[in-house]
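Heads up, the thing below is written out as structure tokens.
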Amino acid sequence: MSTIANLLTESRRYPAPEALRASANVGPEAWDEADADRVAFWEAAARRLDWVEPWTTAHTWQPARPLAEGETGRFGETDLSVPVAEWFVGGRLNVAANCVDRHVEAGRGDKVALHFEGEPGDRESITYAQLQERVAQAAHALTELGVVAGDRVVVYLPVIPETVVITLAIARIGAVHSLVFGGFSGEAVKFRVEDTGAKLLVTTDGQFRRGQAVPVKHQADHAVSGDNAIEHVLVVRRTGSEVAWTEGRDVWWHDVVDRQPTEHAYEAFDAEHPLFIIYTSGTTGKPKGLVHTSGGYLTQASWTHWAVFDAKDDDVHWCTADLAWVTAHTYEIYGPLSNNLTQVIYEGTPNSPHPGRHFEIIERYGVTVYYTAPTLIRTFMTWFPEGLPETWDLSSVRLLGSVGEAINPEAWVWFRREIGADAAPIVDTWWQSETGAAVMAPLPGSSTLKPGSSLRALPGLGTLVVSEDGTPSSAARAATWWSTGPARRSPAPSGATPSATATRTGPPTPSRAGSSPATAPSSTRTVTSGCSAGSTTSSTSRATASRRSRSSRRSSRIRSSARPAWWGWRMRSPARPSPRS
């Protein structure tokens, strides 16, 4: 008979397959290399990207300091200043060009970038060359609509190709995107429109969900009904439903984007130039705006994707998250595209029109890497209590991934057995919106897997458990998780003043070699943050005890203005070295 005690004991282990050990992108030596010099480690990762201008200083760090009498902190809730970290100072790059143009220029334009499947069954495969042309057209359209570098654009779209296209186009011209889940209410979108000071809202007439055409435009109309800086609403025709229209403000995608030139000369931006704002919420329930910047974020997104998912040229990668979640920003847009992978994106729900829709899609496109949430895995277990039938051929799957919340060991084992043929490794990734990319995860060619565990911090990053006063603790109960390594902003906790990290200076050797990933160091004061070099300007955290909890976060709300408060924010850096285990 099962008891709580024996359910908490997990003794099963799954060593990395020998073939995978031999071919893995990253081996166990990466931990030693990173421990020897974390800044140099992240510089090497950053060189996997294309830089128009090389950086002169890899990393600078100003730790928090006590405020002088009469001096006010940014958040008014602490007697410490906000730490300041910068990554790849002096370097300039274009994020979108790193995800699209460089692959076309390298002769890989005919490779499929996106396999799109709509819920009604409509399908489209888009090559990198075609994606480059569509992004160019969208970039011209943004310019025509008056959007310039630094402007904010809110994107309220379902999982369709236009969402990827407009996101890359916004990044291409140096504007700042904020994606909103297509299922959110008009009031939720309204808050983000006003909070970011957005100039443009991109939306759709409707979306297909659970077998129906669901109207969306009326929610967008509500979102722009208040006091805001919106000049235009750009509307994608997806369902063909009737919509209300405001002349002079509303414009159709097909009228504005489709007539634009298919070539666009991109500009390079500073490594610390803001790339996107993503909202999360803590115990207050009010959304908190986090800012990730360009060079460090792309470095970490690209490198962790390449390392954790062991990305191979013939992979077909499917991250099932909605494009508005940080999971999709990093491992459905920027990570896989920067690594020149083929991906699947799917508009609908997993049981439309039947519970096996995902498996049907895996078989159709030959998905090799399937990255999804424990909630869905447990749902599959209820839909298929006797295990998956032999209806679908899932033999293409070589690697599985879990993200979103803790995965219980029995769901982990079911996932491996039923979808991975009891052979595919599972990379259980732990991270949050603040970190921008995975902080803890197995390396599939090196790690011995334990069901329900993301094991340890990735190379170049670190985690430790601390007590309330910031002292490293061996007791997990009532303790706080810290992520250590370089990152971005937040007052240090009482009794734990972050120590400065070494700054490496001197130009890197720019390289186009491959479409490999690049990552930047990470650190935060709680389980929440750990953003990489270039990273999140995020909320101040008061972490909880659980390794995987959505920790309590307090942060200053982004304020709308021509130059909002987040524009000048800088992230915090490593607090203290962490043990490797």
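Computed values, structure above
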{"quantity": "Cross-chain or 6+ apart pairs with Cβ under 7 Å, region 210-232 first and in contact (Cβ under 8 Å) with a residue 12 or more places away in the chain, then in a helix (DSSP H, G or I) and of a type in the set (Lys, Arg)", "calculated": "His222/Lys190; Ala223/Lys190; Gly226/Lys190"}
{"quantity": "Residue among Ala213, Ala223 that is crowded, with 16+ Cβ neighbours inside 10 Å and within 25 Å of the chain's Cα centre (by Cα)", "calculated": "Ala223"}
{"quantity": "Test: residue in region 108-129 that is among the basic types (Lys, Arg) and without any contact (Cβ under 8 Å) to a residue 24 or more places away in the chain", "calculated": "yes"}
{"quantity": "All positions within region 401-421 that are at pLDDT 95 or above, surrounded by fewer than 22 Cβ atoms within 10 Å (Cβ to Cβ) and more than 14 Å from Lys450 (Cα to Cα)", "calculated": "Arg417, Glu418, Gly420, Ala421"}
{"quantity": "Cβ-Cβ under 6 Å pairs, at least 6 apart or on other chains, region 1-16 side at negative phi and open to solvent by 100 Å² or more (accessible area, probe 1.4 Å), far side at pLDDT 90 or above and of a type in the set (Val, Ile, Thr)", "calculated": "Arg13/Thr448"}
{"quantity": "Boolean, Arg378 is of a type outside the set (Gly, Ala, Ser) and closer than 25 Å to Phe116 by Cβ", "calculated": "no"}
{"quantity": "Unique match (being touching a residue at least 12 places away in the same chain (Cβ under 8 Å) and either under 25 Å from Phe116 (Cβ atoms) or among the acidic types (Asp, Glu) (or both)) among Val397, Val465", "calculated": "Val397"}
{"quantity": "Filtered residues of region 356-374 (kept if part of a helix (DSSP H, G or I) and under 19 Å from the mean Cα position of the chain (by Cα))", "calculated": "Pro374"}
{"quantity": "Selection status of Ala438, surrounded by 19 or more Cβ atoms within 10 Å (Cβ to Cβ) and assigned to a helix (DSSP H, G or I)", "calculated": "no"}
{"quantity": "Where Glu247 falls short, out of the listed (1) out of contact with any Gly (no Cβ under 7 Å at 6 or more places or on another chain); (2) touching a residue at least 60 places away in the same chain (Cβ under 8 Å); (3) of a type outside the set (Phe, Trp, Tyr); (4) surrounded by fewer than 21 Cβ atoms within 10 Å (Cβ to Cβ)", "calculated": "(2)"}
{"quantity": "Residue tally, condition under 22 Å from the mean Cα position of the chain (by Cα) and among the hydrophobic types (A, V, I, L, M, F, W, C), over region 40-64", "calculated": "7"}
{"quantity": "Residues satisfying the stated conditions in region 142-157, i.e. in contact (Cβ under 8 Å) with a residue 40 or more places away in the chain and closer than 21 Å to Gln132 by Cα", "calculated": "Leu142, Glu144, Leu145, Val147, Ala149, Val153, Val155, Leu157"}
{"quantity": "Strands (runs of 3 or more DSSP E) enclosed by region 119-198 - at least 3 residues per element that are open to solvent by less than 10 Å² (accessible area, probe 1.4 Å)", "calculated": "152-155, 176-179"}
{"quantity": "Matching option when the condition is at pLDDT 95 or above and touching a Leu at 6+ places or on another chain (Cβ under 6 Å), among Val164, Val153", "calculated": "Val153"}
{"quantity": "Residues that are in contact with a Lys or Arg (Cβ under 8 Å, 6 or more places away or on another chain) and either modelled with pLDDT under 95 or open to solvent by 10 Å² or more (accessible area, probe 1.4 Å) (or both), drawn from region 356-380", "calculated": "Thr368"}
{"quantity": "For Val26: the one exception among (1) modelled with pLDDT of 95 or more; (2) of a type in the set (A, V, I, L, M, F, W, C); (3) not in a loop (DSSP other than H, G, I, E, B)", "calculated": "(3)"}
{"quantity": "Those residues of region 22-43 which are aliphatic (A, V, I, L, M) and open to solvent by 70 Å² or more (accessible area, probe 1.4 Å), in sequence order", "calculated": "Ala22, Ala36"}
{"quantity": "Residues of region 30-57 satisfying the condition of being touching a Pro at 6+ places or on another chain (Cβ under 9 Å) and more than 20 Å from Cys99 (Cα to Cα)", "calculated": "Ala30, Trp31, Asp32, Glu33, Ala34, Asp35, Arg38, Val39, Phe41, Thr56"}
{"quantity": "Strands (runs of 3 or more DSSP E) contained in region 251-355 and holding at least 2 residues in contact with a Leu (Cβ under 7 Å, 6 or more places away or on another chain) and either open to solvent by less than 10 Å² (accessible area, probe 1.4 Å) or under 22 Å from Gly436 (Cα atoms) (or both)", "calculated": "274-281, 287-293, 342-346"}
{"quantity": "Selection count, region 375-387, where residues are assigned to a helix (DSSP H, G or I) and either touching a Leu at 6+ places or on another chain (Cβ under 7 Å) or of a type outside the set (Phe, Trp, Tyr) (or both)", "calculated": "7"}
{"quantity": "Index of the failed condition, Ser396 passing every other in (1) within 17 Å of Phe309 (Cβ to Cβ); (2) in contact with an Asp or Glu (Cβ under 8 Å, 6 or more places away or on another chain); (3) crowded, with 17+ Cβ neighbours inside 10 Å", "calculated": "(3)"}
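The values are calculated or read from the model by the stated rules, or taken from the named source; none is laboratory data. Keep in mind that this is a model prediction, so the values were computed, not measured. Positions of Cβ are backbone-derived with ideal geometry, glycine not excepted, and every protein chain shown enters the neighbour counts. The area values use the complete protein model at the heavy-atom level, side chains included, leaving out ligands, DNA and RNA. Shrake-Rupley method; radii C 1.70, N 1.55, O 1.52, S 1.80 Å.
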